[in-house]
Amino acid sequence: MTDISQTDIRTSTDESAGVQATGHVVTFSEDQPLKLDCGVSIAPVTIAYQTYGRMNADKSNIILICHALTGDQHAASSHPVTGKPGWWNYMVGPGKPIDTDRYYLICANVLGGCMGTTGPADLDPKTGKPYGLTFPVITIGDMVRAQAMLLDHLEIEDLFCVLGGSMGGMQVLQWAAAYPDRVFSAVPIATAAKHSAQNIAFHEVGRQAIMADPTWHGGDYYSHEETPRKGLAVARMAAHITYLSEAALHRKFGRNLQDRESITYGFDADFQIESYLRHQGFTFVDRFDANSYLYITRAMDYFDLAADYGGVLANAFKGSSTRFCVVSFTSDWLFPTSENRTIVLALNSVAANVSFVEIETDKGHDAFLLDEPEFHSVLSGFLDGAAIHRGLPPKS
Amino acid sequence: MNRMATTFPKLRPDLQLIADMIADDARVLDVGCGDGSLLEYLMLAKRVDARGVELSQAGVNACVARGLSVIQGDADKDLQDYPSDAFDYVILSQTIQATVSPKDVMEEMTRIGKNVIVSLPNFGHWRVRWQLALSGRMPVTKSLDDPWYSTPNIHLCSIKDFINLVHNIGGVVERAVAVNSKGRARDFIGGDSFANLYAEEAVFLITRRVAG
């Protein structure tokens, strides 16, 4: 422990959410390498994380929030680059379902990320240059192992709850399987125990868009003036479609034209949906590293929890005393209810304690980030129930 | 017994009968748990590890929002996912008559539960017999209040019929309670013709016959 240097880089109160949010960075030195699934070890490893709320005396109120592909540690604090409110502002805060008045929250940027945790944009100590494509290929298991290393360092033995949507949900499942004794309750949301062929296909389109951008320079754009903004923007545009639903696209945009009376017989953004996607793409590139996008999408593609347990998903949860709450959304076609139900089935077959809720919405995969009152009341009720069993004081 | 018990909201009489059959700290699965009131009672009054299965998604969401462990599922299809002997008690209250194949459901329940508790409306009740005999039409009563063409109750039976099914699947009726139209409950034994005539509802505690 003595070799670890921890620095608090930032303590700030996010006024908009009224949450005490504290930024931290911890670096694990060369003699504490992180062993990766691909067979190599990586060191040093830096983990950047935010904390919200207050830890109680017996450390029994700690929730780990796992973020999705393009998320980060700023679940409920304003983003340092975009200045926008936290990505889970609807859910996290005082009096909200994940109540910062009751729980102590930790949200860490994932391994391979680009918001302070070690990733491909960071310097390789061996060469003194950014890793780029020499960064080892990482997995969901590696991300979770890095988080466990952080908890060890913080002397946190177990978590009241591990919670997350999409890729965050994959981490939740990995946590419950790899560290059952450290997870009192687990909420995998809009996720799957394996990445489907269709999902791998969409990721591959995104990666090829990045790699086809000449400014990508085989991943070594850090030494050049330009970054592959266009490729990354196209990747984001394609991915963004998968986060929505046909019904929501129709409701929000239909065939409406963008600031014009009629079509222009050109390739300008005539339609509102085009303008919207271009905006999504171009704002994304300011806050995200293209190589991080490659590595993290790959980690999701490689995720197949059952494969690590003899091909039987149920074996991943054998003997688990964790309380699970699986949540899916009716219009989510990226991580459909059927994938979530597969998780429930596996949990049932080992008689695990599981709740399963499907929320009716037309907002697609993104619904887990949005204002969905029924989802919020279900999650808040599940946490209340788990809190009773954990012996936490009731809601005041 | 439990000093807290008196402070809980009153359960429906047949649910209270069921709750009284369940030991403290047991593992319980309530199949067709509705709004979760029995589960909540068992969890709070008897510290039971209580789980529920409910067909309606709205019902499930309401239960989970109350802090109960409930999944969306169908008694006819989803019980086969559970391992054998997973629960101390499996409960099916006022639901067996609405299942597609009651025999399979009973077999699955006796497989996954060491004890099975079933409550059902008695189609052998004198009022049912009287209505059919007198009017020549399908009976419509307080506990069976839908006309034949829209009733969800597709497999109605009498107390005698049900006990027969229990024997057929290798089960043992450990306890049988008849409830009359005034809500009064009394224990009865086996194929009691009197109970079959006067009970509007019945609750059974069933175990598996020990092999050999």
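The values are calculated or read from the model by the stated rules, or taken from the named source; none is laboratory data. What you are looking at is a predicted structure, and each value in this text was computed from that prediction instead of being measured. Every residue, glycine among them, receives a Cβ derived from its backbone with ideal geometry; neighbour counts consider all protein chains shown. We work out accessible area using only protein heavy atoms, side chains counted, and drop any ligands, DNA or RNA first. Shrake-Rupley method; radii C 1.70, N 1.55, O 1.52, S 1.80 Å.
Quick one: in region A:99-150, which of the residues that are of a type in the set (Lys, Arg) and not in a helix (DSSP H, G or I) is most open to solvent (accessible area, probe 1.4 Å)? Walk me through how you get there before you give the answer.
To start, the set of residues in region A:99-150 that are of a type in the set (Lys, Arg) comprises A:102, A:126, A:129, A:145.
After this cut, where a residue has to be not in a helix (DSSP H, G or I) as well, the list is A:102, A:126, A:129.
Values: A:Arg102: 47, A:Lys126: 184, A:Lys129: 131 Å².
Among them, the one singled out is A:Lys126.
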Report task. Look through region A:329-338, keep the residues that are more than 10 Å from every other protein chain (Cβ to nearest Cβ) and not in a loop (DSSP other than H, G, I, E, B), and return whichever of them is farthest from A:Leu159 (Cα to Cα). Result -> A:Ser338
Query - Test result for B:Arg27, at pLDDT below 95, open to solvent by 40 Å² or more (accessible area, probe 1.4 Å), closer than 20 Å to B:Gly113 by Cα and out of contact with any Pro (no Cβ under 8 Å at 6 or more places or on another chain) - result: no
Report summary line: Exception for B:Pro83 within (1) open to solvent by 10 Å² or more (accessible area, probe 1.4 Å); (2) part of a loop (DSSP other than H, G, I, E, B); (3) away from every other protein chain (no Cβ under 14 Å); (4) farther than 30 Å from A:Ser377 by Cα falls at (3)
Query - Scope region B:44-61; condition within 9 Å of another protein chain (Cβ to nearest Cβ), open to solvent by less than 30 Å² (accessible area, probe 1.4 Å) and more than 17 Å from the chain's Cα centre (by Cα); matching residues - result: B:Val60, B:Asn61
**Report entry** Selection within region B:180-212 - charged (D, E, K, R) and part of a strand (DSSP E or B)
**Finding:** B:Arg186, B:Asp187, B:Glu201, B:Arg208
Query raised in the report: Could you list, in sequence order, the residues of region B:123-158 that are surrounded by fewer than 12 Cβ atoms within 10 Å (Cβ to Cβ) and of a type in the set (Lys, Arg)?
Result: B:Arg137, B:Lys142
Query raised in the report: Within region B:62-79, is even one residue open to solvent by 10 Å² or more (accessible area, probe 1.4 Å), of a type in the set (Asp, Glu), within 13 Å of chain A (Cβ to nearest Cβ) and not in a loop (DSSP other than H, G, I, E, B)?
Result: no
Query raised in the report: From the list A:Lys96, A:Lys126, which one is of a type outside the set (Val, Ile, Thr), more than 22 Å from A:Ala239 (Cα to Cα) and in contact with a helix residue (DSSP H, G or I) (Cβ under 8 Å, 6 or more places away or on another chain)?
Result: A:Lys96
Report summary line: Residue set B:Val177, B:Val166; condition open to solvent by less than 30 Å² (accessible area, probe 1.4 Å) and in a helix (DSSP H, G or I); output residue B:Val166
Query raised in the report: Which number in (1) in contact (Cβ under 8 Å) with a residue 24 or more places away in the chain; (2) open to solvent by less than 30 Å² (accessible area, probe 1.4 Å); (3) more than 12 Å from the chain's Cα centre (by Cα) marks the one condition that B:Ala19 misses?
Result: (3)
Report task. Considering only residues that are more than 21 Å from the chain's Cα centre (by Cα) and open to solvent by 20 Å² or more (accessible area, probe 1.4 Å), look in region A:362-388 and name the one that is farthest from the other protein chains (Cβ to nearest Cβ). Result -> A:Asp362
Report task. Inspect region A:339-353 for any residue being at positive phi and within 11 Å of another protein chain (Cβ to nearest Cβ) and give the result as yes or no. Result -> yes
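Go through the residues of region A:266-284 one by one and say whether even a single one is open to solvent by 70 Å² or more (accessible area, probe 1.4 Å) and touching a residue at least 40 places away in the same chain (Cβ under 8 Å).
Checked against the condition, which is being open to solvent by 70 Å² or more (accessible area, probe 1.4 Å) and touching a residue at least 40 places away in the same chain (Cβ under 8 Å), region A:266-284 yields at least one hit.
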Query raised in the report: Out of (1) at the interface with another protein chain (Cβ under 9 Å from one of its Cβ atoms); (2) in contact with a Lys or Arg (Cβ under 7 Å, 6 or more places away or on another chain), the odd one out for A:Thr297 is which?
Result: (1)
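Each row is one residue, and each column tells you yes or no for (1) modelled with pLDDT of 95 or more; (2) touching a Gly at 6+ places or on another chain (Cβ under 8 Å); (3) farther than 21 Å from A:Gly141 by Cα.
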site	(1), (2), (3)
A:Ser5	no, no, yes
A:Val19	no, yes, yes
A:Phe28	yes, no, no
A:Lys35	yes, no, no
A:Val81	no, no, yes
A:Val110	yes, no, no
